[in-house]
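First up is the structure itself, then whatever we jot down about it.
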Amino acid sequence: MNELVIDESFIERLVSLGGPKLRNDLIAMFLERTPEKLAQIEAGMASGDFNMIEQAAHSLISSAGNLGGSGVSRSAARVEAAAMGQDADSVRSEVVELKRLQLGFKAYLESILEES
């Protein structure tokens, strides 16, 4: 499986653009909204609503990518692609990987907030 990939330069760039407050606000927003997106993916899997899965995964692609979470972003892209293909088995296996990567990325982002 894929390893957690984080590009810390994205966080550094946020600080250079708007200071620690911008960085912290965007991290907090991501941490607040991601469980909802994962829940939407789960709900879509339970109901067979591939459009719901696709939309929630698409949202995670950009939000994780904007914070340097390229591993999460790429994993969400694979979930989105599987949903677009209406491949329930692939969606399930890709979601397992997405959740694993998200846990590591979440811990990384929380550590940034704790240091602030």
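No value in this document is a laboratory result; all are computed from the given coordinates. Values in this document were obtained by computation on a predicted structure and should not be read as measured data. Cβ placement follows ideal geometry from the backbone for every residue including glycine, while neighbour counts extend to all protein chains displayed.
The figures follow:
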read-out	value
Within-10-Å neighbourhood charge of Ala82 [Cβ basis; K, R +1; D, E -1]	-3
Segment Asp89-Asp25, extension gain: residue separation times 0.36 nm, minus the distance between their alpha carbons	19.4 nm
Mean Cα-pair separation over length for region 1-76, i.e. relative contact order, pairs under 8 Å, 6 or more apart, %	39 percent
Rough spin-label spacing in nm, given labels placed 7 Å along Cα→Cβ, for Glu32 and Leu113	1.0 nm
Amide H contacts under 5 Å for Leu67, placed H, 5+ residues apart	none
